[in-house]
Structures are given as C-alpha cells and as structure tokens.
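Note sheet for the following structure.
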C-alpha cells in the first residue's frame, strides 16, 4: 500500500506539455496527406492534425500544429517542432518529416515517418540523432478538438472529454500508463493508437486539455543512463481505425496483446481455485470471533482474506525478513479450518537499508534516471518513520533471494496467495541494464520464477499493468482523484473512471479494492471508492471491519453483505460484448448461469441489477445526485420521507439504500420543500428529536467549470502586469491559475516577479430579481504544502458598473477556511469577478500551492419555508435555532413548523428532567454520544465517540471528554438537562491532545443549545487549551438539549479532540 509514482497527491502540478506558447512557424499550408482504404491522415511539422475514419465517415481537424513532436535532451532541453527547421517529404505511401535544431555549430535531427500498411492502417516510426550524448526520448503528437473523447488505460482507466479540467497529465509506461494504447472515440467509431512492443522500451503519454483541444504526445524513452545515448529509434506506433463502440477498439488491442504476450498459456498456469473467489476481506486475523462470524456471513471458500500486517517487525519494516509474529501461524490455521483462502502481504522489491541483506544488494538499488539518486519508500508519518530501498528485480541476486524467501515462507505458513506490494513501480533505472534486463523484464522474470517455484500459490499485485498482470491472479486498484492518506477526494476526477483498463486486464486478472480504502461505516468516503470501482469490475472488498459489522451489522452494512452474497451465489464475470452495453451501463457482467448483470447509472443514482427474462431486478443501489428520490425502499437512518419520495437529500452526497420501506409510524419529517436539505437528523427515543435543515444551493456559476469569458494576469510586487485571455497553465514566472479537480489551483509567481500575485477574472451576469453570494473553501493542494507555506492571501473582488465589493482571507496551515462575498448590491449587472492569490505578508511564494475549492456564485434564499413532522408521541416543547417556536396540527400526529431562509435546527423535547444544581460537572451527567455523517445520526464507531477521559494538551492534563470526530463528519455528546432558575454559564476548555502536532489539520469545536450554535472555535494541534464561556441565562429554568460537537474539517487523522473541565456554573 503505497503512493509510489502516480499516487503522489493528485493536485500537484505536472508540467508536461513543453513550451508555454504554441507560436510556430506557420506551415499550415503544408499538410502532407496519407490516404489508405480505411483512413486519411494529415501531418504538419510531425504532428497529426487531421484524421478521417473512412469506416464511419467521421473526421477531426485542427488548423495549426502545437509543439508536440520533438526530442528531450539532458543538456539541450526540450526541443519541439515550433522551433525547428522543418523538411517534409511524401514518397509513395509514406510521409517523412525531418526536424532540425541547430545550436553551437551542431545539429540535432529527428525524422518522423508516417507509413501506410497494406491493411489500411498506418505506423509512426521516429529516429533521432543528436550532436552530443544526453538523449532522453523522442516524441510525436496528435491534436484534436475536445468534442472527441480520449480513453486512456492509465490510473486504472480514465475518460477525457470536453468537461475535463485543464491539468496537464503525464502517464509513464508501465506504471501509470498501464497499457501502451489510447482510444480516440467519436460518435460512430474511433482510432486505436498503440505501440508494438513487449517490455523493451519505457514510454510516456502526455495529455493536455487546452483552448478547446486535446494535445497528445507519444514518447519513446531511451534506456537510462541518458548521458550515454546520442541516437535512437522509437518503437512502432500503430494507428488503427474502427467502427462502433470503444469496446471494439480495445478488443483489437486485446487480441494483439493476447498473441504478443502469450496470455492464453499463462492463464492456464493460474491455480484453479482463483476462479472461485468473489469477495476479498482485508483483515489482520487478530479476532477469532470475528472470523467465525465472517464464516457465517459469507461462503469462506469464495472469500480471500488479505492480511497486511503479520510479520514480527510490523508492516513495511525490515524487508526482506518475513518472520511471522508470535501466534500468527495458529491464527492462520484457524482461518484455514473455517475454509477461507488466505493471502499474505509481501513487498516485491523492498529492502530496508538496516537489514543485513542490503549490503550485498545495494548496487542494484534503483536510481532516479535524471538525478541518479537512490530511490526509497519513505513514510514519515509512521512513528518511527518507515524507509526502505527499491531493488531492481532485473538483478538475478535479488530474484534468487526473494524467491527463496517466498518458498520458505510458503513452506512455513502455507498461504494460498501472496500479495506482491508495489508491483506497479517499474522504473527506468539510472544503473542501466542489470544482468541484461531492464526493470520491466525483471518484473516479468520475478513473477515467472515465483510461479515456477510456487505453482499452487496465487500472486497478487498493487495496481495493475500489462507488465505485472501476466502472472497475477489478483490485483488491487487505485482510484484517480482519491488521496487515501488524507481521506480527501475530488469527485470530478473520480468520475473520470472508465472501464477501458479493465476491458484489457480483467479477463486475465481479478481486481479487488485497494488496501487504503475505507471501512464502509465512513459511508460518504466509501461511496467515493465505489463510484470508481463500479466502473472497473472490482469484486466486493471489505476493509478493516469491526466485529460488530460482521456479527451484528446495521442496515447499511447488511446491504453490502447482501451484495457480496449475490456475487458469491451468481459468480459474475466481466462481459465486454459491445452490442450488450447500453448507454447507461457502467459495467456489464455475465453470471455463471448465463444471465446479464450490470451496474447502471439511473436517474436517482447507481444500481446493480440482474436480468431474468426481460426484467431487470435490482440487487443493490446508491442514491446520488438528487434532492428527492422517487424509488421504493428507504435510506437507513434517514428521517425525511412521505411514502412516495425520500426527501431533503443533498445532491452532492451519496446515500445507501435498502429495499425495506420506511417506517411511516415512526417519528420523521413528512413534508419538506425541494429547496431545503436535511444536514443532520437524529432521535433519542422518548427524550428529544433534532432536525438540522439548510437551504439548498441554487448555483448561478461554478467557476472551475467555466471555459469562456475568463482572463488572467501575473503582476509584480507593484501590481503591474498584462491581462491575457483564458486560463494560465504555467507562466514563465512559474505562476499558475487554472481549473484543477473541483476547484481552481493558483500559485503566485516564483521564478520571476517573486512577491507578485496572480489572478483570474470571470465576466458574468448576475440576476436582477435575486440576491447572489460568492462562496468557496480556501486551502492548499496538499497537506505537505500547507505545512511548509507561510500562507497565501486569497482575495475575491466583484467589479460592477460603478462599485465593487471584496473579501480577503490569509490562509495558513492545514485547516481550510471559508470565504463568502455578498453580491446583492450588484444584482442585475454584468460583473468582473476576480480571484487572486498573493504570497502573503512576507512575500514568500515557497509552497504557495493555493486552492479555491468549488468557487461558485449562488442565489441567496429569501423566502421562508415550512416543514411537517410526523410524531407518534406528543412533545412538550419545540425550539427553532434556540428559541421556542409555535406549531400547527394539520392532521393526527402531523405538525407543521415554520422554517427560516437561513440554516436552522428544529428541536423537539419530550420530557422534563429534574433541574441540576450549580455547579455541575458535565462528566457526572448522563449523555448520549454518536457521530453525524451524511445527514444522519449514527451509533459510535470504535474510537469515534465521546467518552469521559482525561487528556493532556500543552503539557497540562484536564478531565473531561475525548471526542475524536470521523472523516468529513462530527462526533457529538448530547445532554438533556433542566437548568436552574438562576443565571448560569457553561465553562470549559477545548484542545487537541499532545502528540498530534504537524499531523492533525485542526478540529472545529462547537457548543449548541436547543439547536442554536452559541460558541465555536477551530483549534489546531500545539495550541494548548482554549478556554470558553457561554451564557445560558436565556434558558434559565428551561429544559435544554446541550450538545458538545467536534468536526474533523475533512481529514480526521490525529484529530485527538478533548473537552476539559466542562461545567455549568
């Protein structure tokens, strides 16, 4: 489980597409054309600018060639076609383009040949000759309009369309570019472009979305070390048109790969039992009772237990020592007797420098191809930090040692499978060929030798590519857009997931969930993983289950067990017949009995369904993207419904679904305007009910999605700069301002004009009849940047016809901040809305990776609404935002309440407890604890609860409550108490326990009385105790629902929230 290569946090800028401008020698009138019976190709300066698919009649064309064809050189830099002397020749069925770059009396030359084949396809072959050594790679390119889709088997499979963001992306083969092909998909057909290579050359794919176009670069790398290379020839790149679905295109490549890699014969060598596995459970086998319950919950013979932490030295420490910890063999045997298959976690190339084996292997230590520095896995968040070396598997000495260790391990513990961690990490080693092999060939050799030595042991890998998958029966899948280490995600990127990689790889290898995926109790985060996995064909995977989830599951977990049992009973396999995939199909299966099954995008979310005859029967469902869901069944724990619809949903959230109908005789919200959402709701039977309701945002503009009427400017410290049109991918000063994920990434200038600022400006109209507001969350693209920057000053300014309004925030550290700007004084006007990033009061731009998350213009709600509550038991009093509120009975047990246009909380009180005496220590008062996630109140989960405890902050210990919040959620302690007649105050302290410094991003503490928040404070680690005092005089003599709440503000790591000495006095 590592973030090697592509899992480095996905918002970091990757500057990949060369020159900052596309100013070229204008040879648009010179466009040599190649015509075959299946297609027509036009090439300008070595860049394909027009393709015609004669099978479908579709074509695309771009007028000018951007800088996409050229060479990369250690000393000369990147040399592209826009700065070259160009010579183009047409001879028969070949177009040849020669680019020359002269420097210091010498010449670098690149020849790109586009050659027609007898079958109507074409190949591109390049040859580079440089004036001096240092050649890194050679590249050719294609540019096309963005109304075509790009399907890339990279980062587990991605789709790029006109809605894609503008982040330049680099895919390294075979790590992140998992298979050496790409599809350009139109409405009636497309083009398959692929290399004809079998582990001989490293490659790179570049994709950039800019100016309504896709720029695509296909690079053949030289074998490192580059300082020895002066000339080279590329791999053969084949261009193949096809008609129909993308599935036809990937099938063409799959047939090629089956033959080139010998996959049919390799599949026959896999252990037979692999085909039985339909579920993976990630667990350390440390709870025998849980395993016994799991054996009752699932069919053990179809369940693979994946065990990450089983060695005496601990997870990822002291490789390659694979000695088990004490008692582990006995626990394995218990699981085996229950019928489970067991897979142990190992690392395929990890060697800890302190391990005695490193000395004899250190000469095979991978070295970065550019810097020459040794490569390590270094996880500094562990205590103590984890660090181990990457050993090139091309070395016979490493393979001999590792295979022998695995043979010894399997003799001792008899696992059914080995998970080879980090098998996707395959580098172009600066050491050059080792024992005559590159690292790709070494990876294949290591797998092959393991298979020969352990024929009955299945192999699994981390990630999956066409190098590693050949001998792997199983593999984990990463998700583009999820930073699992910090529990952060960007849904626009997650939704880029596409089954193109699976269409090649899953007929050969079963894929399951990543080790870093979350427990389904964190439903919103879990649903993000599922949003991608449903499109990939990932078999059901359960990570880090509690004993209760297995033995006494709640309704949500039971739903997931039912889904897993469906997989085990029906044994579905991926089905890629193009005629069977419909437009709303996310992934298609065929069951062992021949029935079709699919994950499908429906109006109210995503469903798994199986076809019996002509009828599709629902197996499982998630409700997403709607405010009201007109479906049968219910959402577990959801308290807003009327029998026909599920009400009050947040369209940006995901909700679990069960087929059981809602309980119409239970307390619930029975009527709610579509303009309102339930942000949280909960009931303590016979005591209180609480409903928090917020206005639904009506969005006027989502700025990160805007493509027109936008400009940018980079200024110096005096504010001088020149405005330009569009977004800023990267400026000569290093400044950046462009959409990235679900927001805008901004970095002030740093190479030049340091201390200056960068801004984007949008021109848009504001409605005349409604009040608008700008909203965004501010922060950094990564926790590392947040901890190393001295802060970014964010400013939003709206310029109207004669006035302007502005708001500014100086953001430091890992805690995100909100910014809003009231635009009501500018309604009915066209405004220029400027978003600005400044390097802060010290004018230091270091690590100023600023991020505007979901910057948008929304309509402010101006009309009050109403809500109806069904309560089978009469209540004594109702409060709205802390004040008593009147209600109207509209039917038996049905009560109508007014709502405010602002966020409000309705509290119903059902009992009158005895009054307390002053002073009262709240640790002596009965309380209810739980967590709030996804609009519903849930029972506590493990340490995510409020408990009476003593904690130390700033070196000072205080008794109170420990209340660790969940990711993207809250933990609460609720006290139903009656205050005395005399005036009283709530006093106490809030802090984060010592030891979380530089780890937690802070916790928001708050106090609520009868639904009104009366105090809040965001506390960061290291700040010590923060005192608070809240007057309760307004509620003297009254019964109140008092709540102490902690909010994780997203990431919940090390959020050791502690309330201290909380009392009513």
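The values are calculated or read from the model by the stated rules, or taken from the named source; none is laboratory data. Remember, it's a predicted structure, so these values are computed and weren't measured experimentally. Please note: Cβ atoms are built from the backbone with ideal geometry, for glycine as well, and neighbour counts cover all protein chains shown.
Some notes on this structure:
Per-residue answers, yes or no, for (1) in contact (Cβ under 8 Å) with a residue 40 or more places away in the chain; (2) in contact with a helix residue (DSSP H, G or I) (Cβ under 7 Å, 6 or more places away or on another chain); (3) closer than 18 Å to residue 736 by Cβ:
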| residue | (1), (2), (3) |
| --- | --- |
| 770 | yes, no, no |
| 775 | yes, no, no |
| 789 | yes, no, yes |
| 810 | no, no, no |
| 813 | yes, yes, no |
| 818 | yes, no, no |
| 827 | yes, no, no |
| 850 | yes, no, yes |
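- Residue that is farthest from residue 881 (Cα to Cα), among those in the stretch 702-729 that are in contact (Cβ under 8 Å) with a residue 60 or more places away in the chain, surrounded by fewer than 18 Cβ atoms within 10 Å (Cβ to Cβ) and touching a strand residue (DSSP E or B) at 6+ places or on another chain (Cβ under 8 Å): 726
- Top-ranked residue of the stretch 912-946 - restricted to ones that are free of Cβ contacts under 8 Å to residues at least 60 places away in the same chain and not in a strand (DSSP E or B), ranked as farthest from residue 969 (Cα to Cα): 924
- In the stretch 166-188, the residues that are over 13 Å from residue 156 (Cβ atoms) and assigned to a strand (DSSP E or B): 169, 170, 172, 173, 181, 182, 183, 184, 185
- Checked against (1) in contact with a strand residue (DSSP E or B) (Cβ under 7 Å, 6 or more places away or on another chain); (2) part of a helix (DSSP H, G or I); (3) under 30 Å from residue 355 (Cβ atoms), residue 330 passes all but a single condition, namely (1).
- Qualifying positions in the stretch 997-1015 - in contact with a helix residue (DSSP H, G or I) (Cβ under 9 Å, 6 or more places away or on another chain), over 23 Å from residue 957 (Cβ atoms) and in a loop (DSSP other than H, G, I, E, B): 1001, 1010
- For residue 994: the one exception among (1) at pLDDT 95 or above; (2) surrounded by 20 or more Cβ atoms within 10 Å (Cβ to Cβ); (3) assigned to a loop (DSSP other than H, G, I, E, B): (2)
- Filter pass, residue 314 being exposed (fewer than 13 other Cβ atoms within 10 Å of the Cβ), modelled with pLDDT of 95 or more, in the same structural domain as residue 293 (by TED's automatic domain parsing) and in a loop (DSSP other than H, G, I, E, B): yes
- Taking the stretch 656-678 as the range and being out of contact with any helix residue (DSSP H, G or I) (no Cβ under 8 Å at 6 or more places or on another chain), within 15 Å of residue 937 (Cβ to Cβ) and crowded, with 19+ Cβ neighbours inside 10 Å as the test, the residues that pass are 667, 668, 669, 678.
- If you check 844, 789, 802 for being in the same structural domain as residue 744 (by TED's automatic domain parsing), crowded, with 19+ Cβ neighbours inside 10 Å and closer than 23 Å to residue 719 by Cβ, only one passes: 789.
- Helices (runs of 4 or more DSSP H) wholly inside the stretch 446-558 that include at least 2 residues being touching a strand residue (DSSP E or B) at 6+ places or on another chain (Cβ under 7 Å): 500-505, 523-533
- Selection from the stretch 349-381 of residues that are exposed (fewer than 13 other Cβ atoms within 10 Å of the Cβ) and modelled with pLDDT of 95 or more: 354, 356, 359, 360, 363, 371, 372, 373, 378
- Restricting the first member to the stretch 532-560 and to residues that are over 23 Å from residue 286 (Cα atoms), and the second to residues that are part of a helix (DSSP H, G or I), the beta-carbon pairs closer than 6 Å and six or more apart or on different chains are 532/494; 536/502; 537/502.
- Contacts under 7 angstrom Cβ, first residue in the stretch 373-384 being without any contact (Cβ under 8 Å) to a residue 24 or more places away in the chain, partner surrounded by fewer than 16 Cβ atoms within 10 Å (Cβ to Cβ), 6 or more apart: 378/385
- One residue stands out in the stretch 75-107 among those that are under 34 Å from the mean Cα position of the chain (by Cα) and touching a residue at least 40 places away in the same chain (Cβ under 8 Å): the one that is surrounded by the most Cβ atoms within 10 Å (Cβ to Cβ), namely 80.
- Failed condition for residue 944, given (1) surrounded by 22 or more Cβ atoms within 10 Å (Cβ to Cβ); (2) at pLDDT below 95; (3) over 30 Å from residue 646 (Cα atoms): (3)
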